[in-house]
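**Q** This structure is in structure tokens; I'll ask about it shortly.
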Amino acid sequence: MTEKEKMLAGEVYSAVDPQLLSELMETREKIQVYNSLRPSETKKMKALLYELLGAVGDDDITINQPFHCDYGKQISVGKRFFANFNFTVLDEAAVNIGDDCFIGPNVSIYTACHSTDPVERNTRQEWARPVSIGHNVWIGGSVTILPGVSIGNNVTIGAGSVVVHDIPSDTVAVGNPCKVIKTL
């Protein structure tokens, strides 16, 4: 398997693989263009998002600048998607976001995992776990979603939360670590 195939399969891979570094640089170049467009250049912005992302549900997509991601192609968003300023996605694994999702400012979604052992971590070996967000989800500002998390449908995640475990459908969850405080 190539290092990219290992990465996408959730296996340990080399984060300094030349193919992966080349793809990261290609995405960063596109992101630089995206983030430098004038806010009124919505057609160009949407065209770049369609080029960057793996799947887009419809034309009703807005990601306010600046936006950051690693590869882009592992990100899928549903219909009527909105993300506010400073949306950051480390998409070494799949990030699937459903229809009618709203992402507040300064939200980060991480799929990359690193060893807690410093010697092992310094080898630049890592692995990734997918993140899944259902339909009708509102993620408040400055939320961090960690690798492997699944968030159900009809969920609100309160501002500033750190989501370390799955969150079931039809709930409101807040805190660090994020916990369900209300069932709808």
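**Q** So for the chain: antiparallel DSSP bridges make up what percent, rounded to the nearest 5?
**A** Around 25 percent antiparallel, to the nearest 5.
**Q** Kindly write out, for the range 22-36 in residue order, the coupling ³J(HN,Hα) from the Karplus curve 6.51 cos²θ - 1.76 cosθ + 1.60 (θ = phi - 60°), rounded to whole Hz, with x marking Gly and Pro.
**A** For the range 22-36, the Karplus-derived couplings read 5, 5, 4, 5, 4, 5, 4, 4, 5, 5, 4, 4, 4, 6, 9 Hz, x marking Gly and Pro.
**Q** For the range 39-147, report the convex hull volume of the alpha-carbon atoms normalised per residue, in Å³, without decimals.
**A** Value for the range 39-147: 94 Å³ per residue.
**Q** Explain nothing, just the number: relative contact order of the range 96-181, from Cα pairs under 8 Å at least 6 residues apart, as a whole percent.
**A** Relative contact order comes out at 25 percent.
**Q** Return the carbon/sulfur percentage of the accessible area of the chain, one whole number, probe 1.4 Å, all protein chains in place.
**A** 54
**Q** Along each principal axis of its Cα atoms, how long is the range 91-184 end to end? Whole angstroms, biggest number first, please.
**A** Computed over the Cα atoms, the extents are 45, 24, 23 Å.
**Q** For the range 1-98, state what percent of all Cα-Cα pairs lands in each successive 5 Å bin, counting from 0 Å until the bin that includes the largest distance.
**A** Per 5 Å bin, starting at 0, the Cα pair percentages come out as 3, 13, 23, 26, 16, 11, 7, 2, 0.
**Q** Across the Cα atoms of the chain, what radius of gyration and what greatest pairwise Cα-Cα distance (Dmax) are found, in Å?
**A** In Å, with Rg to one decimal and Dmax whole: 16.3, 48.
**Q** A follow-up question, please. Gaussian network model of the chain, Cα springs within a sub-10 Å range: biggest mean-square fluctuation belongs to which of Val33, Val164, Val107?
**A** Maximum fluctuation in the GNM of the chain, among the listed residues, is at Val33.
The values are calculated or read from the model by the stated rules, or taken from the named source; none is laboratory data. On a predicted model such as this, the values are computed, not experimentally measured, just so you know. When the accessible area is computed, the model is the full protein with side chains, heavy atoms only, and any ligands, DNA or RNA have been set aside. Shrake-Rupley method; radii C 1.70, N 1.55, O 1.52, S 1.80 Å.
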